[in-house]
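Engineer: First the structure, which I've put down as structure tokens, then a few questions once you've had a look.
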Amino acid sequence: MEIGIITFHASYNCGSILQCLALETVLEQKNQTVSIINFSNEEQQKLYSVFYKKKNIKNIVKNILCLPGKNKISNHYNQYQKYIDYKFKLSGKPFKTSEELSENLQKFDMLIAGGDQVWNVKADDSDSAYFLDFATNTYKISYAPSLGATNINNVVNKERYKNLLNDFNDISCREVNGKKWLEELTGRDVKLLLDPTLLLNKEEWKNKIDSTIKLPFEEEYIFYYAFSYSSENNEMIQRIAEKNNLKVVVIDSKQWYIKRLHRYKNFVLSEQTGPNAFLNFIEKSKYVMTTSFHGTVFSLIFHKKFIYINGKNHEPTDDRTSFLLERLNLLNKYLYSENVNIDELNSTIDYNSIDSMINELKSESFKYLDDNIEKAKL
């Protein structure tokens, strides 16, 4: 059977790429023929350009800060693109619109939307293509998409999303709020499933690491992975690193220049970036400190000592992470910056118990895929 996956595979973002790789791998393990639909709209491509395209004062300042690092940023983005081109079985030429997909995309026996934040309708690169509006007479499911803490019932065109979702044969999502909002919108049962990255175990992920990546130093280090490197978090991490004689590895060159992370003497920008560097640096780190859902996920997979740093003003910024950690009885790792210290990083995690809980949750996710593969064959 031929299965097409549409997701944020082309984002220069480690979590987006690795969740796609994981779902592709799992389906291939089930002896299915899998293609990644080669879709990336113009807004997404703007997000991952060296300089910001939208003209406003904030972006002009960011672009000025990026100028000294333009070659480094470009090189880092090229590393992401090489990984995408090498790892994925893409469905032919790139598509930018649903219309192009509708007119040119090959016929699949099943289409899967997700995971990642493909149903975050307030994201800059949100697109109805991720609701499979381009396909008719095809078996459609979602696999653990996230709504990105956005209530789809509060958007102007919610009726269009309702109609598109009711054309799905089965619907799942990743977090409890998403389940509640989607059930409210559609009146249908929505399954809660694991992020695709959690369907592969530690050894399977280790086998996907290119071990030729070398650390820029031999000291122990904190792997610091975030979307926005706030000064509050940076200063807290620098204090911990300096006091405990640790380096701090960062792989995001664009944020390195925008946030001027060179000012923190223990911080190091890696020459290597992208998903392979991400996996390597997490696996070999002493600690992981992150504001990222997938930074959290891979800390769990590789049994690391880690902290998820919550947002400012004690407002939860990522219900994907809080929901996952709550399910695993690890909300003590979901902290505000003023509560983070070396003792919290060193606090014991019973990974035997965590692995056992994840394995139980995996069975539900595998059953969802197996059941729908069988139904799509009918």
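Engineer: Find the accessible area per residue for the chain; the probe is 1.4 Å, ligands and nucleic acids are left out, and the unit is Å².
Structural biologist: Numbers: 16470 Å² over 378 residues.
Counting only protein heavy atoms, the per-residue value for the chain is 44 Å².
Engineer: Quote to one decimal, in nm, the extra length available between ASP370 and GLU344 on full extension: 0.36 nm per residue of separation minus the C-alpha distance between them.
Structural biologist: 5.4 nm
Engineer: Let me ask something additional. Around ILE152, with a cut-off of 12 angstrom between Cβ atoms, what is the net charge of the other residues, counting Lys and Arg +1 and Asp and Glu -1?
Structural biologist: Residues near ILE152 contribute +3 overall.
Engineer: Now for a different question. Please report the carbon-and-sulfur percent of the accessible area for the chain; probe 1.4 Å, protein heavy atoms only, DNA, RNA and ligands left out.
Structural biologist: Carbon and sulfur: 45 percent of the exposed surface of the chain.
Engineer: So what does the Cα-only Debye profile of the range 57-141 read at q = 0.16, 0.20, 0.21, 0.26 Å⁻¹, as log10 I(q)/I(0), no solvent term?
Structural biologist: Debye intensities relative to I(0), on a log10 scale: -0.88, -1.09, -1.13, -1.28.
Engineer: Explain nothing, just the number: relative contact order of the chain, from Cα pairs under 8 Å at least 6 residues apart, as a whole percent.
Structural biologist: 16 percent.
Engineer: Kindly flag which residue pairs out of LYS54/LYS305; LYS122/LYS305; LYS53/LYS208; LYS54/LYS259; LYS180/LYS304 have an alpha-carbon separation exceeding 27 Å in this structure.
Structural biologist: Over 27 Å Cα-Cα: LYS54/LYS305; LYS122/LYS305; LYS53/LYS208; LYS180/LYS304.
Engineer: Tell me the angle of helix 274-284 to the major Cα principal axis of the chain, expressed in degrees between 0 and 90 and rounded to the nearest ten.
Structural biologist: Orientation of helix 274-284: about 50 degrees from the principal axis.
Engineer: Once a ≥ b ≥ c are taken as the square roots of the eigenvalues of the Cα gyration tensor of the chain, is the result rounded (a/c under 1.5), prolate (a/b larger than b/c) or oblate (a/b not larger than b/c)?
Structural biologist: Prolate, because a/c is 1.5 or more and a/b exceeds b/c.
Engineer: I need the shape label for the range 314-378. Rule: rounded when a/c is under 1.5, else prolate if a/b > b/c, else oblate, with a, b, c from the alpha carbon gyration tensor.
Structural biologist: Values: a/c = 5.40, a/b = 2.16, b/c = 2.50.
Since a/c reaches 1.5 but b/c is at least a/b, the shape of the range 314-378 is classed as oblate.
Engineer: Rounded to two decimals, what is Rg over Rh for the range 1-152 when you use alpha-carbon atoms and the Kirkwood radius? Walk me through the numbers on the way to the answer.
Structural biologist: Values: Rg = 16.3 Å, Rh = 16.4 Å.
That ratio is 1.00, to two decimals.
Engineer: Show that you can apply the helix-only estimate: for the chain, add -39,500 (n - 2.57) for every DSSP H stretch of four or more residues, divide by all residues, and state [θ] at 222 nm to the nearest 500.
Structural biologist: Using -39500 (n - 2.57) per qualifying helix, the result is -13000 deg cm²/dmol.
Engineer: I want to make sure I understand the PRE zone here: with the label point 7 angstrom from the Cα of ARG263 toward its beta carbon, which residues in the range 212-233 have backbone N atoms less than 15 Å away?
Structural biologist: Only 229-233 fall inside the zone, counting backbone N under 15 Å.
Engineer: Shifting gears a bit: In degrees, nearest 10, range 0 to 90: what is the angle between the Cα axis of helix 351-377 and the longest Cα principal axis of the chain?
Structural biologist: Around 20 degrees separate the two axes.
Engineer: For the range 85-211, what does the relative contact order come out to in percent, with C-alpha contacts under 8 Å and a separation of six or more?
Structural biologist: Relative contact order of the range 85-211: 21 percent.
Engineer: Please give the length that would be gained between LYS158 and LYS202 if that part of the chain were fully extended, namely 0.36 nm times their separation in residues minus their C-alpha to C-alpha distance (nm, one decimal). Display every interim value, and only then the final one.
Structural biologist: Values: separation 44, 0.36 × 44 = 15.84 nm, distance 3.94 nm.
Fully extending the segment from LYS158 to LYS202 adds 11.9 nm.
Engineer: Next question. Going by average Cβ density within 10 Å per residue, which order do the peptides 271-279, 186-194 take, highest to lowest?
Structural biologist: Sorting 271-279, 186-194 by mean packing, highest first, produces 271-279, 186-194.
The values are calculated or read from the model by the stated rules, or taken from the named source; none is laboratory data. This is a predicted model, so every value here is computed, not measured. Cβ coordinates were reconstructed from backbone atoms using ideal geometry, including for glycine residues, and neighbour counts include every protein chain displayed. Ligands, DNA and RNA are excluded from the accessible area calculation, which covers all protein heavy atoms including side chains. Shrake-Rupley method; radii C 1.70, N 1.55, O 1.52, S 1.80 Å.
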